[in-house]
Every structure is written in structure tokens, then in C-alpha cells.
Amino acid sequence: MKKALYSGSFDPITNGHLDIITRASKMFDKLIVGVIHNPNKTPLFSVEERVKMIEALIVDLPNVEVDNFTGLLADYVNNNRFDAVVRGLRATTDFEYEIQMAQMNSKLFSPGTESVFLMTNPEYSFISSSVIKEVVALNGKVDSLVPPIVLEEIKKKFSK
Ligand code: COA
């Protein structure tokens with residue numbers, strides 16, 4: 001059984017992430033979406049809120065589960081015996097960061113664990129969680145870029 005991890009801060013999850021999750025779920029027997037607290041970022045949503053949103057969006061993907069973790073990605077990957085770590089590439093700008101991370105991780109992962117890259121659907125190649133939050137905060141329209149439940153949750157946060 002091949003098990004993969006798709007990790008990120010997902011603050012919040014977008015249609016770009018969902019596209020990667022859906023495609024990766026067809027490539028592996030099991031896919032875990034790993035929500036991580038990235039200490040370099042100040043999140044809008046708590047880890048629990050982010051996990052809850054993702055859980056609601058993967059109900060139709062039976063081989064996908066959500067988990068959360070802190071600390072070094074490689075420790076979580078090795079402790080849970082993942083065969084692969086999936087990452088999405090949106091543009092050439094992602095490549096430099098991703099190759100550095102993948103090469104560093106290749107030193108840290110247990111033998112046999114691979115980083116696997118999927119090209120992001122061009123419809124979503126320009127989005128990030130931050131740009132979505134910024135546009136919603138300024139009352140811009142992002143209906144085609146995030147699931148309705150996510151849009152509602154972002155609006156709720158900004159109305160407080
Ligand atoms: N569609 C839409 N947006 C996408 C996307 C896609 N397919 N892929 C990435 N993004 C967005 C993310 O939402 C994120 O937006 P934001 O910066 O506005 O929050 C941005 O692109 C960057 O994504 P990513 O590179 O996945 O950053 P991240 O913070 O979500 O996750 C970690 C990075 C947490 C996985 C990485 O830092 C990590 O592994 N940390 C653990 C510590 C560790 O092991 N460090 C050593 C690594 S070698």
C-alpha cells in the first residue's frame with residue numbers, strides 16, 4: 001500500500017490545494033493532508049479550524065484523511081512511514097524553494113521516501129492563501145478560487 005503526505009499550512013485551503021489533493025488521491029492508496037503550524041507565518045485560522053474545513057471538503061475522497069503536526073516535516077514523514085511527499089508547483093518561482101526543500105529532505109527522509117511534484121492546474125497557478133485573504137478582506141470576489149464554506153469562514157473572521 002502506497003501512502004503519501006500532502007503538507008502545508010492551508011490557512012485556508014483553496015481550490016488550488018483541492019486540485020492537488022484530488023489528483024494525488026488517485027495516485028496513492030492513501031493520502032494524508034498534513035496541516036502544519038508554520039512558525040514563519042501568523043495564521044488567520046487555528047490548526048483545528050483549518051483541519052475542520054479540510055475534513056468537510058474531502059468527504060467524497062475515501063482514501064484521504066487529515067492530520068496535523070508540528071516540528072520537522074521529515075520526522076513526521078519517517079515516523080509515519082510515508083512513501084512520498086506531494087508538493088504542488090505553481091510557477092517557476094516555486095521551483096527554487098521546492099528543489100532546496102526536496103534536496104534537504106532527501107537527506108532527512110528514510111531511504112525510499114520520495115518528493116513528488118504535481119503541476120498546479122493553470123486556473124489556480126496565481127493563487128495563494130494570503131492573496132485570497134487579502135482580496136476577501138477588501139471585499140473582492142474570489143468565488144471561483146475557494147470552496148463556498150471556506151469563503152464563508154474567511155468572511156466571518158474579517159467581520160469580527
Ligand atoms: N494552490 C494554491 N495555493 C498554493 C498551492 C496550490 N496548489 N500550493 C501552495 N500554495 C500556497 C500556499 O497556500 C501558501 O500560501 P501563503 O504563503 O499565502 O500561506 C504558499 O503557496 C506557500 O505554500 P507552501 O510552500 O506549501 O507553504 P506552507 O507554509 O503552506 O508549507 C511547509 C510549507 C510547512 C510544508 C514547510 O515549510 C515545512 O515543511 N515546514 C516544516 C519544518 C521543516 O521541516 N523545515 C525543513 C524543510 S526542508
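The values are calculated or read from the model by the stated rules, or taken from the named source; none is laboratory data. On a predicted model such as this, the values are computed, not experimentally measured, just so you know. Quick reminder, even Gly has a Cβ in these numbers, built from the backbone with ideal geometry, and neighbours come from all protein chains shown. To get the accessible areas, we keep the full protein, side chains included, count just its heavy atoms, and leave off ligands, DNA and RNA. Shrake-Rupley method; radii C 1.70, N 1.55, O 1.52, S 1.80 Å.
Details
- Accessible surface area normalised per residue over the stretch 32-87 is 55 Å², counting heavy atoms of protein chains with a 1.4 Å rolling probe.
- Of all the options PRO43, PRO12, PRO122, the one that moves most in a Gaussian network model of the chain with Cα springs shorter than 10 angstrom is PRO122.
- The stretch 1-48-the stretch 57-99 distance, computed between alpha-carbon centres (Å): 6 Å
- Of the trypsin sites (Lys or Arg not before Pro) found in the stretch 12-45, those that fall in a DSSP loop while having at most 12 other beta-carbon atoms within 10 Å are LYS26, LYS41.
- Accessible surface, 1.4 Å probe, highest first, among residues ILE36, ILE132: ILE36, ILE132
- Split the accessible area of the chain by element, probe 1.4 Å, and carbon with sulfur accounts for 53%.
- Structure remark: mean-square fluctuation, Gaussian network model of the chain, C-alpha springs under 10 Å; the largest value among VAL85, VAL131, VAL150 belongs to VAL131.
- For the options LEU57, LEU18, LEU138, a Gaussian network treatment of the chain with springs between C-alpha atoms closer than 10 Å singles out LEU138 as fluctuating the most.
- Over 30 Å (Cα to Cα) - which of LYS3/LYS155; LYS2/LYS156; LYS2/LYS52; LYS26/LYS155; LYS26/LYS156 fall in this group: LYS3/LYS155; LYS2/LYS156; LYS26/LYS155; LYS26/LYS156
- Here is the result for the stretch 53-107: no GluC sites (Glu not before Pro) lie in DSSP coil with at most 11 other C-beta atoms within 10 angstrom of their C-beta.
- Each residue of the stretch 98-103 is assigned a 3J(HN,Hα), and the resulting list reads 5, 5, 5, 5, 5, 6 Hz, derived from the Karplus form 6.51 cos²θ - 1.76 cosθ + 1.60 (θ = phi - 60°), x at Gly and Pro.
- VAL86 long-range amide H proximity, modeled H, under 5 Å: LEU5, TYR6, SER7, VAL116
- Taking all Cα pairs closer than 8 Å and separated by 6 or more residues, the relative contact order of the chain comes to 28 percent.
- Relative contact order (%) - criterion: Cα under 8 Å, at least six apart; region: the stretch 1-85: 40 percent
- Shape descriptor for the stretch 1-135: Rg over Rh equals 0.93 (Cα atoms; Rh from the Kirkwood inverse mean 1/r).
- Modelled label positions at ASN63 and ASN139, each set 7 Å beyond Cα in the direction of Cβ, lie 4.6 nm from each other.
- Coil-residue trypsin sites (Lys or Arg not before Pro) of the stretch 45-154, DSSP, other Cβ within 10 Å capped at 11: ARG81, LYS141
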